[in-house]
Each structure stands twice: as C-alpha cells, then as structure tokens.
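Scroll down for the structure; my scribbles are underneath it.
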Amino acid sequence: MTVGVTEQVFYTILFFVFGLMSGSFFNVVGLRIPKKESIVFPGSHCTVCNHELKWFELIPVFSYLFLLGKCRKCKTGISPIYPIIELITGILFAWTCYVFGLTWNTVFVLLLISMMVILTVSDISTQLIPDKILITFGVMLIPLAFYIQIVSWKTALIGLGVSFAINLFMILISKGRGIGGGDVKLFLLLGLILGWKMFLALFLISVVIGLFVGLGFRFAKKVKEFPFGPSIAVATIIIIFYGTAIVNWYIGFYN
C-alpha cells in the first residue's frame, strides 16, 4: 500500500505510540511467562510493596521519568530496563512502518521484533527462553514467512538443516556448556523462517556481539555466564532491516 508523505509521518508516529504500549506489555510477558505466572492477573504492581499501579503510573517511559524511577508508595528503585524496552520497541515499530510501509512484510517484522523483545526481557531477567513464547510466535511466523515469500520450502529446509548442524557443532565442542537449549530452539526457528543465507549472517553477527558482551562482563568482573538471547535478538533485528545488503556485500566481496 502506497501512502503520501503526510500519511507516512502519521502512520510512523502511530506505530511509535503502538510500540511504546506494546513494549510495556512485552515487559510483563517476558517477566511472568518464565515464572509460569498469569500475564493478566494480578495487575501491574510494585514487586516490593505490592502497590497496584494507577493508570498514570503505567504510561510508557513518561511514568518512569515522572516518578523519577521509583515506586510512588515505597520509593523502591524501578529497574531502567522497563522504559528502555518500551522506548526501543517504539523506535523499532516506527522504523518498521517507515521501511516496509503498510504491507504483510510489516506484520512479519513486527511479530519477529515482538518475539525478540519478549525473549530479551525473559533471558535477561531469568536466563530462560520459554518454549511457550517460541511456539506462540512460531505458529504465526512460519506460515506467514511462506505466504509473503520470505523463504521457499527449499531455502527454509536448508536453513533449518544449517541451523541444526551449527547448533550440534557448538554443543559438541562446548560439551553442552556453550549454548542453552532455548538458544538452540530459537536458532532452529530463525533458520526455518529466514533461510540459510540470512541465518548464516545472523549467526555470525550474534556470535560477534556475544563475544564483545562476554568480554565486557569479564572485564567488569560481573558474572562468568551471561544470557546469549539479547545478542541473537540484536543480530536478528540487524538482519531484518539490512540482511539483504549484508548478504549481497558478502557474496560480492568474494566474487
């Protein structure tokens, strides 16, 4: 669907606002699903004093700034991950609308971004990538990837096979300590819906990002183990928007 400049600006702003609200919901999903808690009940509340948040305490980003990052009742500090996730989701939703317009590709990308944001929250907070999230989004992303021809049956199956082979290799050389089960399943899904070329680029980028993150943790002497999911999420988002250019550059570099 082609729109004019004014309409494009309007839709981009609309998607940004929708992304902010979605990011707030994704925080809840990413925190509760790994703990097998309901995403509906109880309502949003302070995890320290159980103060039930009012509507003006639930406005994405702005409520955090207005409350100075503290619970209104007990003054306990609120993790900055909440507004950061909300803002990033808003920006990514708006950029998706700007790049892809009002198309089925936008639906596919928004679903993929949504899954990655939720998994990032989950992996950071609990170091888990829940099967429920992968299955829920998988049943939507897989048929949509074929419908809008992101992949063909051939490229999808090759992508799945390449992902399986790489995962198996990593598990064998690390003796099962280098990659988690959730990361393996996520890679398999990405290989299937993106195809082998995009998956290889995604895998390499995620490893590079993970390497730098790991070095950062080591120098900071924080923890020996860190969640790999966020690195996969960042790599996936890069591939979503720039994967074709990266693959073409890589192929042209060796031709």
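The values are calculated or read from the model by the stated rules, or taken from the named source; none is laboratory data. For clarity, every value in this text was computed on a predicted model and none was experimentally measured. Note that we place each Cβ from the backbone using ideal geometry, even for glycine, and neighbour counts take in every protein chain shown. The accessibility values were calculated without ligands, DNA or RNA, using every heavy atom of the protein model including side chains. Shrake-Rupley method; radii C 1.70, N 1.55, O 1.52, S 1.80 Å.
For Lys70, the amide hydrogen comes within under 5 Å of the amide hydrogens of Ile78, counting only partners 5 or more places away or on other chains and with H modelled in the peptide plane.
Measuring max minus min along each principal axis, the C-alpha atoms of the range 1-103 give extents of 50, 31, 19 Å (largest first). Remark on His45: its backbone amide H falls under 5 Å from those of Leu53, a criterion applied only to residues 5 or more positions apart or on other chains, H modelled at 1.01 Å from N. When the chain is treated as a Gaussian network with alpha carbon springs shorter than 10 Å, the biggest mean-square fluctuation among Leu190, Leu141, Leu172 belongs to Leu172. The phi-based Karplus calculation (6.51 cos²θ - 1.76 cosθ + 1.60; θ = phi - 60°) puts the 3J(HN,Hα) values of the range 124-131 at 5, 7, 10, 6, 10, 10, x, 4 Hz, whole numbers, x for Gly and Pro.
So how strong a dipole does the chain carry about its Cα centre when Lys and Arg Cβ are +1 and Asp and Glu Cβ are -1, to the nearest 20 debye?
With Lys and Arg at +1 and Asp and Glu at -1, about 780 debye.
Rounded to the nearest 500, what is the chain's calculated 222 nm mean residue ellipticity when only DSSP H runs of at least 4 contribute -39500 (n - 2.57) each, over all residues? That comes out to -24500 deg cm²/dmol. So if each residue of separation counts as 0.36 nm, and I subtract the Cα-Cα distance between Glu52 and Phe219, what length gain in nm does that give? Stretched out fully, the Glu52 to Phe219 stretch lengthens by 56.2 nm.
Summarising the label geometry, the points placed 7 Å from Cα in the beta-carbon direction at Arg32 and Phe212 lie 3.5 nm from one another. Here the Karplus relation 6.51 cos²θ - 1.76 cosθ + 1.60, evaluated at θ = phi - 60°, turns the backbone of the range 186-191 into coupling constants of 5, 4, 4, 5, 5, x Hz, with x for every Gly and Pro. Legend: P(r) of the chain from all alpha carbon pair distances, 10 Å bins from 0, whole percents, reading 7, 27, 34, 23, 8, 1, 0. The portion of the accessible surface of the chain made up by carbon and sulfur, rounded to a whole percent, is 71 (1.4 Å probe; DNA, RNA and ligands excluded).
With both labels modelled 7 Å from their Cα along Cα-to-Cβ, the Asn248 to Ile84 distance reads 3.4 nm. At a probe radius of 1.4 angstrom, the accessible area of the range 104-234 per residue rounds to 53 square angstrom. Toward the positive end of the charge dipole of the chain, with +1 on the Cβ of Lys and Arg and -1 on the Cβ of Asp and Glu, the farthest Cα among Ile118, Trp153, Ile78 is that of Ile78. Overall, the ratio between the Cα radius of gyration of the range 77-210 and 2.2 N^0.38 Å, rounded to two decimals, is 1.10.
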